[in-house]
1. Where a Cα-Cα gap under 17 Å defines reach, which lysines qualify for B:Lys174, not counting those fewer than 8 residues away within the same chain?
2. Assuming a ≥ b ≥ c are the square roots of the Cα gyration tensor eigenvalues, decide whether segment A:311-423 counts as rounded (a/c under 1.5), prolate (otherwise, with a/b larger than b/c) or oblate.
3. For a quick check: with amide H placed at 1.01 Å from N, whose amide H comes under 5 Å from A:Lys417's, ignoring anything fewer than 5 positions away on the same chain?
4. I want to verify a result. In a Gaussian network model of chain A, Cα cutoff 10 Å, which of these has the top mean-square fluctuation: A:Asp413, A:Asp66, A:Asp199?
5. Could you name the lysines whose alpha carbon sits less than 21 Å from that of A:Lys348, not counting residues in the same chain fewer than 8 places away?
6. What is the order of B:Thr233, B:Thr479, fewest Cβ neighbours within 10 Å to most?
7. For segment A:184-240 and segment A:308-326, what is the centre-to-centre distance using only Cα atoms, to the nearest Å?
8. Does chain A come out rounded, prolate or oblate, given a ≥ b ≥ c as the square roots of the eigenvalues of its C-alpha gyration tensor, rounded meaning a/c under 1.5 and, failing that, prolate meaning a/b above b/c?
Amino acid sequence: MTTLPFHNQALSRRELLLLSAAGALSAPASGWFGQLAAQAAASEVKPKSCILLFMFGGPSHIDTFDPKPENPSSEINPIATSVPGIQFGEFLPKLAGQMKELAVLRGMSTSEGSHGRARYYMHTGYREGVGGVVHPSLGALASRFLGRPQDDLPNFFSMGGQSFGAGYAGPMHAPIEITDPTRGVENLQPVDDNLPGFDKRIGLLNELEKGFIERVRSPMAAAHLATYERAARLMHSPKAKAFDIGQEPAEVRDAYGRTKFGDGCLLARRLIEHGVSFVEVILGNWDTHRDNASGVQTLCNTLDPAMATLLSDLKQRGMLDTTLVICMGEFGRTPYVGKQGGRDHYPKAWTSVLAGGGIQGGQVVGRTDKKGGAVEEGRVSAVDFMATVCKVLEIDYKQELVTNTGRPIRVADKDEKIVSELF
Amino acid sequence: MRIACRKCLCIAVLAAVWLQAWNGSQASAGDKTAKSSNRNPVPVAAAIDRHIEARLSLAKVAPSPQSDDAEFLRRAALDITGRIPTAERTAAFLGDRSPERRAKLVDELLADRLYGEHFATAWYHRMIKPDNDNKRLILGNTLQDWLADRFNKNQTWNRLVTDLMTASGKRDDKPETTFFLAYVVTGQPVPSKITAAASRLFLGVRLECCECHNHPFTKLQQTEFWELAAFFTAARGIDRTSKVPRIYDSVLPNPLSKSGENDSAPVGSIVIPDSNGQIVQAKFLGGGEPMSSPPEQLRTQLAAWLTSSSNRWFSRAAVNRLWANFFGRGIVNPIDDMRPESDSSHPELLQLLAEEFAASGFDQKHLIRCICLSQTYQRSSRVLPENTDSDFLYSHMPLKMMTADMLFDSLGTALDHPVAVQVFEEGRMKARKGADSPQVQFRKFFRAEADDDAGVVEGYTHGVPQVLRLMNEELVNDTAAVVARLMQVEGSSEQIIEGLYLRVLSRKPTPAEIKRMTAYVAGEQHATKAYADLMWVLLNSGEFVFNH
């Protein structure tokens with residue numbers, strides 16, 4: 001079945017945006033917001049959500065989730081997890097305690113070894129530049145297929161860095177980046193703190209935009225207005241309090257670790273709780289070409305409490321079954337020490353971790369050899385991974401999205417192999 | 001880990017393109033730098049129009065009418081000086097009834113110091129990508145001021161590129177060395193990185209984008225790339241002892257290089273990675289050898305070949321980028337990847353302009369006059385029902401997104417913001433000293449990747465956070481001073497409204513707009529607040545944010 005994105009239905013994107021703009025414009029400011037409020041009230045059951053913890057730079061799999069005591073280059077000891085027979089690196093004690101929730105995919109084997117291209121590949125399931133199109137990232141797909149039009153909050157947030165955009169899924173599904181999780185989305189209040197005054201001004205702005213859009217008839221001008229609409233809507237939303245992690249008790253803040261990443265995980269939980277479909281939280285500095293062991297230790301000290309608390313927190317609130325948590329980087333790292341004394345990029349064999357979203361936890365899927373350098377069993381490609389994650393989120397990964405030039409492209413590329421152990 | 005296959009194939013594609021481009025012609029010893037030309041732009045502008053109109057009539061698409069003066073003024077000011085015109089310039093231009101006023105305006109804008117600043121900003125960010133290897137070496141450099149000065153003196157493009165490619169000396173004496181210092185590993189220039197950057201920037205071909213498995217290329221063509229890279233093997237970076245950033249040439253082996261390139265080969269030759277140690281000598285693409293081979297001359301010889309008027313890729317790349325500055329897209333797209341199979345809308349026009357550019361001695365101001373005097377450039381952005389969907393035929397002026405720098409400077413111009421005034425008076429580099437200057441922060445927040453990369457932004461780039469900042473940040477709401485001044489000088493509400501329109505949108509309001517705005521002001525208790533509201537509305541409007 002072919003699903004058309006909003007801009008490719010019978011009306012062209014341009015016509016549709018013009019229409020939507022005109023609709024917003026025809027109502028006085030108060031009526032405009034009134035309409036939106038009425039739409040928002042008619043809610044339904046929210047589909048699944050997803051939190052992606054992205055380990056930017058590519059973590060060393062053999063020092064984290066796939067320990068290899070027999071590899072002489074390994075400086076990090078294995079520890080037991082709560083599931084007999086499964087071990088983690090020693091700096092992930094809290095996550096080891098949560099093993100019953102986790103599915104550890106040790107057979108990741110992708111083929112992009114440069115950071116930028118590998119990140120693109122793992123975020124979209126497609127190689128960068130193929131076919132001259134920009135593919136939507138997983139977050140944009142979640143926003144597109146799991147978000148509801150009446151949602152107050154946008155459906156795709158990223159924290160701690162830059163995620164990947166919406167590509168041909170359309171600009172409405174582009175990520176909103178939060179630069180500082182303790183400050184949430186900045187500039188949510190008018191400068192004089194006078195919201196009714198703001199409404200008057202923006203009502204006048206809307207009138208002005210109508211003339212300009214008619215004059216130039218450009219999708220860019222329509223997008224300008226649409227973005228102002230979204231921003232104004234967010235300013236009015238009672239859900240904006242979701243951004244305030246200051247409302248959380250001190251013990252909760254402590255448990256997440258009080259790091260930027262930990263705060264990001266806590267904010268992610270609050271956003272999901274308020275109905276957001278996808279949040280990406282990025283933890284950087286995994287590119288340990290030098291000082292691998294100490295780098296891994298420092299980063300694990302940040303990751304471990306944050307992710308473990310996130311999982312227990314979601315579980316306690318009854319949200320874990322509907323929220324898929326993914327922890328992965330763009331690739332793994334060499335099973336040997338490189339020229340600069342650390343580990344270098346290694347897409348051939350590495351590990352990703354899934355939890356929640358209704359998957360079967362407590363298991364390892366796939367196996368690497370003694371040194372962690374080759375996949376022996378349970379190989380998962382970038383395409384397999386994308387399709388599997390979509391299946392967990394109940395997104396039909398075989399359906400096609402139509403690009404701006406009218407080309408149908410599948411959500412996940414063909415020849416996918418689902419990781420069936422998860423279901 | 002290096003993915004050797006991808007890298008090699010990419011390089012092979014590049015080499016193939018160059019081979020084709022070079023077409024057997026020989027490298028000359030170096031063109032004499034041409035003086036600024038006195039060529040007449042009018043016939044060239046007419047030729048542009050002929051090419052564009054031929055395609056329009058073939059497609060049976062009607063062009064939009066000519067822009068009015070206000071539309072032309074705002075567009076030309078943004079495209080040439082990187083910001084909206086001041087209220088004073090707008091008033092003066094709209095009062096000028098002479099038939100040559102548009103040509104005169106273009107000359108005025110080109111003579112404005114801000115012209116050089118604008119092009120320097122764009123080129124600086126295209127050339128210098130901060131990374132962990134170059135961070136320390138480029139910190140506090142003054143290349144942007146150097147570029148602005150060269151653009152303002154209208155130094156010819158071939159001379160400017162030659163200066164960058166052959167720069168040597170201490171960075172603080174020779175800002176142009178910053179280009180080489182940006183492509184280093186452990187302080188030493190990396191030949192393949194510089195070859196890739198130079199080809200993207202000055203020849204309009206990109207290495208990274210090729211599709212691996214569709215193009216089976218021969219070993220020979222890979223060799224050619226490395227033969228070119230070998231020209232950079234004498235270039236050296238910082239001294240080991242003094243740590244002063246500098247670029248110089250040396251015949252001694254490169255002691256600090258950990259880049260994996262040229263570890264063992266003598267200067268003027270290079271080891272091809274993943275080739276079992278194959279060594280190649282510096283050679284121009286197409287087979288020409290350097291005239292003589294003292295290693296210190298390698299870069300000079302390469303620059304002469306690169307910027308020669310017989311290297312048509314050099315002029316085509318420059319023309320294509322300049323076209324995109326004015327029309328929001330290149331004649332060939334993507335503009336930094338002009339491969340034979342790239343999408344080219346008007347190939348004959350590109351050829352014509354490239355020849356004109358070379359014949360003018362690479363005179364950029366001349367080329368800008370040619371473009372700006374064309375009817376094509378002067379068309380309105382107002383669409384007709386029958387040409388709505390024909391942007392690429394240039395039936396009307398397409399909307400362009402302002403870059404972060406253009407938006408910052410335009411906001412500053414409209415608001416008389418102290419930061420913008422400071423930039424105006426002291427030059428951008430001084431104003432942005434200190435990593436946290438408002439200018440730097442603004443750029444970081446509003447910058448679109450594509451601005452600094454291809455130089456063309458397609459589609460709207462602001463998201464909700466950017467829009468929230470424009471609506472609710474002090475900078476855009478700091479209208480009090482401007483409003484107070486207008487209220488002091490102008491009399492009636494009509495005049496104040498007109499003053500606001502001229503200042504922000506560079507045009508007079510229509511009678512309907514005056515009526516609507518007057519009604520808004522009448523409905524507010526405090527006139528000052530009402531006018532501040534109006535200015536806020538105008539600053540947040542699409543008509544302000546876009547270059548149209």
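Derivation of every value follows stated rules applied to the coordinates shown; laboratory data play no part. Model, not experiment: these values are computed from the prediction. So basically every Cβ, Gly included, is an ideal-geometry build from the backbone, and we count neighbours across all protein chains shown.
1. Within reach: B:Lys243.
2. Values: a/c = 1.99, a/b = 1.25, b/c = 1.59.
Oblate, since a/c reaches 1.5 and b/c is not below a/b.
3. Here A:Asp384 satisfy the definition.
4. For chain A, modelled as a Gaussian network with Cα springs under 10 Å, the answer is A:Asp199.
5. A:Lys68, A:Lys339, A:Lys370, A:Lys371, A:Lys414, A:Lys417, B:Lys7
6. With the sparsest Cβ surroundings first, the list reads B:Thr479, B:Thr233.
7. Between the Cα centres of segment A:184-240 and segment A:308-326 lies a distance of 35 Å.
8. In terms of gyration-tensor shape, prolate.
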